[in-house]
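These notes are about the structure you will find just below.
The values are calculated or read from the model by the stated rules, or taken from the named source; none is laboratory data. Predicted, not measured: the structure shown is a model, and the values here were computed from it. No Cβ is skipped: glycine too gets one built from the backbone with ideal geometry, and neighbour counts run over all protein chains shown. Just so you know, the surface numbers come from the protein's heavy atoms only, side chains and all, with ligands and any DNA or RNA stripped out. Shrake-Rupley method; radii C 1.70, N 1.55, O 1.52, S 1.80 Å.
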Amino acid sequence: MTGPRRDTRGIVEARELLARVRFRRREPAAPLRPFLEHYWLVDWDLDEPYTTHVVPHPSVNLVFQRHGGEAAWGEVAGIGLELFTRKLEGRGRVCGVQFRPGGFRPFAPHRPVSYWTGRHVPLAEACLGPGRTPGRGGDPATAATVTAPDGDDDVVAALDAFLLGLGPRPSPGAARAMALVERVRSDRTIRRVDRLAALEGVSARSLQRLFAAYVGVSPKWVVLRYRIHEALERAESDGRTPDWAELAAELGFSDQAHLIRGFTATIGVPPAAYARGGRPVGRTRPVRPR
């Protein structure tokens, strides 16, 4: 392991966001690292509201939040299928756990990960840990314990203690799913599900079942999402307008039009318009689930 990644992939208008909030990533305890990408911590104190947008990774997140004087709370955030849009106001803190794609199932083995996709479930209603039953989640005091400390080391220690207390059980299916998604993320020659299936020596249908059970979205969705992340990062490059046809070929899109359609459907504006300063279009989600 080399520590948490340092890129801003998935964060729309990353420079603007990072100029307004204090964002950092931290590494979890060693026994948790096979399952987790990292912890992510965000604090803000804003004079004016700011709307942030994120193109979700194929990852489940566990999120603890505290906004202004409200009581802290936690939720399980399944993989978001749409652009995630949130208005930040006043003072607040978010302490998040990003699981590796495929890494959440050992913490909630009673349900396929597709159950959580597109959902935000209050921690008190989630079923986490092999010994839990549906409808019995974490202690509500956990959110206060996680979000209260001033020092990041104490936040990390609280997150470590909570997650280790859930007793995650290693799973061959989860391990295979994590390896497959990492292969998709790093190997640009994998442009189609049938190629991934051929490389693995399995049928495309078998991959789809594995991804539904352990990742939460289809392998085709994962392939497209990682390529959109790369296109977004290029569109935000320092004053350089990408050659979109060349980029489409590099990222494995069938042609420039394919890239434009995928980018526009995800961000809400075409890549060229976004590179010129066009604003993303997303539906703002309430801070707290109802």
Report summary line: Per the charge dipole of the range 146-275 (beta-carbon charges, Lys/Arg positive, Asp/Glu negative, Cα centre), the residue among Val156, Gly268, Gly216 reaching farthest to the positive end is Gly216
**Report entry** Which of Thr145, Ala179, Ala124, positive extreme of dipole for the chain (C-beta unit charges)
**Finding:** Ala179
Report summary line: Using alpha carbon centers only, the range 2-27 is separated from the range 78-109 by a whole-angstrom value of 14 Å
Requested in this report: Whole Å is fine, so just give me how far the alpha carbon centre of the range 28-70 lies from that of the range 168-247.
Outcome: 22 Å
Query raised in the report: Can you give the relative contact order of the chain as a percent, counting alpha carbon pairs under 8 Å and 6+ residues apart?
Result: 18 percent
Query raised in the report: Taking the Cβ-Cβ separation of Ala157 and Arg209 as r and a Förster radius of 45 Å, what is the calculated FRET efficiency to the nearest 0.05?
Result: 0.75
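I want the local charge near Arg195. Using Cβ-Cβ distances under 13 Å, sum +1 for each Lys or Arg and -1 for each Asp or Glu among the other residues.
+2
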Query raised in the report: Under 5 Å between amide H atoms, partner at least 5 residues away or on a different chain: which partners does Val12 have, H built in plane at 1.01 Å?
Result: His53, Val54, Val55
Report task. Net charge near Val215: determine it from the other residues with C-beta under 10 Å of the C-beta of Val215, scoring Lys and Arg +1 and Asp and Glu -1. Result -> +2
Query - Rounded to whole Hz, the Karplus (6.51, -1.76, 1.60) HN-Hα couplings of the range 36-48, x for glycine and proline - result: 10, 6, 4, 8, 10, 10, 9, 10, 8, 8, 10, 7, 10
Report task. Please get the size of the charge dipole for the chain, origin at its Cα centre, with Cβ charges of +1 on Lys and Arg and -1 on Asp and Glu, quoted in debye to the nearest 20. Result -> 980 debye
Query raised in the report: For the chain, rounded, prolate or oblate, judged on the Cα gyration tensor with a ≥ b ≥ c (square roots of eigenvalues), a/c < 1.5 rounded, else prolate if a/b > b/c?
Result: oblate
Query raised in the report: Stretch Phe23-Ala245 to full length: gain in nm at 0.36 nm per residue minus the Cα-Cα span?
Result: 76.6 nm
Query raised in the report: Largest first, how would Ser186, Ser203 line up by accessible area (1.4 Å probe)?
Result: Ser186, Ser203
Report summary line: Env charge @ Val60, Cβ radius under 13 Å, K,R +1 / D,E -1, value +2
